[in-house]
Amino acid sequence: MSARERAAGVAAEVRDPELPMLTLADLGVLRGVDVRKDEDGDAVIVSITPTYTGCPAMATMRDDLVRRLNDAGFPRVQVRVALDPPWSSDWISERGRRALREAGLSPPGPAPRRTGPVPLTLGPPRPAPSCPRCGSAATRATSEFGSTACKALYRCTACLEPFEHIKEI
């Protein structure tokens, strides 16, 4: 196994600090891993994209990547933030979507497709997601803001359970 394959495997196992049921790879935040050789040995360069600009978890993601790669024998690690293209909730893997549902979180639907200016709408921002516990489509928003900026709070009107929904971005 090459140094790049080994480093990519280690980076792909690092968990998201806010959604620990997901790896950074499953969340679609991990964009690339490269290894460059020079006279001092291997240098690992990891690229990550925040779920939104200003995401407070980025420093923890960076620190976790550096620590895990250091522990795996890569003493020189650089984490770069890639903002283009911006992250999309469509980048969450199927395994990640399953893990969200199993943890009681509603995974995002397809991200909105936009060309040109973002339209101003005064109605509900999106259709209500299905309940991750019972599967009912009879849900309603209780708050557009959950425990993190990328989540909204909902309640199922069938089973009456509250749940968080990962917003479509």
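The values are calculated or read from the model by the stated rules, or taken from the named source; none is laboratory data. Given the structure is predicted, the values throughout are model-derived calculations rather than measurements. Cβ atoms come from the backbone with ideal geometry, glycine included; neighbour counts cover every protein chain shown.
Condition first: at pLDDT below 95 and touching a strand residue (DSSP E or B) at 6+ places or on another chain (Cβ under 6 Å). Can you find one or more residues in the range 122-129 that meet it? Yes, some residue in the range 122-129 is at pLDDT below 95 and touching a strand residue (DSSP E or B) at 6+ places or on another chain (Cβ under 6 Å).
Hey, can you tell me all the residues within the range 5-41 that are outside any loop (DSSP other than H, G, I, E, B) and at pLDDT below 95?
Quick first cut of the range 5-41, residues outside any loop (DSSP other than H, G, I, E, B) only: 5-12, 15, 23-27, 30-38, 41.
If the condition is that a residue be outside any loop (DSSP other than H, G, I, E, B) and at pLDDT below 95, then Arg36, Lys37, Asp38, Gly41 are the ones that fit.
Could you tell me whether the range 28-37 includes any residue that is of a type in the set (Val, Ile, Thr), under 19 Å from the mean Cα position of the chain (by Cα) and within 26 Å of Gly104 (Cα to Cα)? Yes, that holds for at least one residue. State which residue is surrounded by the fewest Cβ atoms within 10 Å (Cβ to Cβ) when the search covers only the range 149-158 and only residues that are more than 18 Å from the chain's Cα centre (by Cα) and within 13 Å of Gly104 (Cα to Cα). Among those residues, the one meeting the criterion is Arg155.
The residues in the range 82-101 that are surrounded by 15 or more Cβ atoms within 10 Å (Cβ to Cβ) and outside any loop (DSSP other than H, G, I, E, B) can be counted, and the count is 7. Do we find that Thr49 is farther than 21 Å from Arg4 by Cβ and either buried (at least 20 other Cβ atoms within 10 Å of the Cβ) or assigned by TED's automatic domain parsing to the domain that holds Pro20 (or both) in this structure? When the stated conditions are applied, Thr49 does not pass them. Pairs linking a residue in the range 69-98 that is farther than 25 Å from Thr53 by Cβ to a residue that is at pLDDT 95 or above and of a type in the set (Asp, Glu), with Cβ atoms under 6 Å and 6 or more positions apart or on different chains, are Arg95/Asp26.
Considering each of Gly146, Gly109 in turn, give the residue that is farther than 24 Å from Glu13 by Cβ, crowded, with 17+ Cβ neighbours inside 10 Å and modelled with pLDDT under 90.
On the way: Gly109 fails: crowded, with 17+ Cβ neighbours inside 10 Å.
That would be Gly146, the only listed residue that is farther than 24 Å from Glu13 by Cβ, crowded, with 17+ Cβ neighbours inside 10 Å and modelled with pLDDT under 90.
Before we move on, is Arg76 among the basic types (Lys, Arg), more than 13 Å from the chain's Cα centre (by Cα) and crowded, with 17+ Cβ neighbours inside 10 Å? Spelling it out, it is not the case that Arg76 is among the basic types (Lys, Arg), more than 13 Å from the chain's Cα centre (by Cα) and crowded, with 17+ Cβ neighbours inside 10 Å. Within the range 58-96, the set of residues being of a type outside the set (D, E, K, R), modelled with pLDDT of 95 or more and closer than 15 Å to Pro20 by Cα comprises Thr60, Met61, Leu65, Ile92, Ser93, Gly96. Annotation note: of Arg140, Arg114, the sole residue that is more than 20 Å from the chain's Cα centre (by Cα), assigned to a strand (DSSP E or B) and of a type outside the set (Phe, Trp, Tyr) is Arg140.
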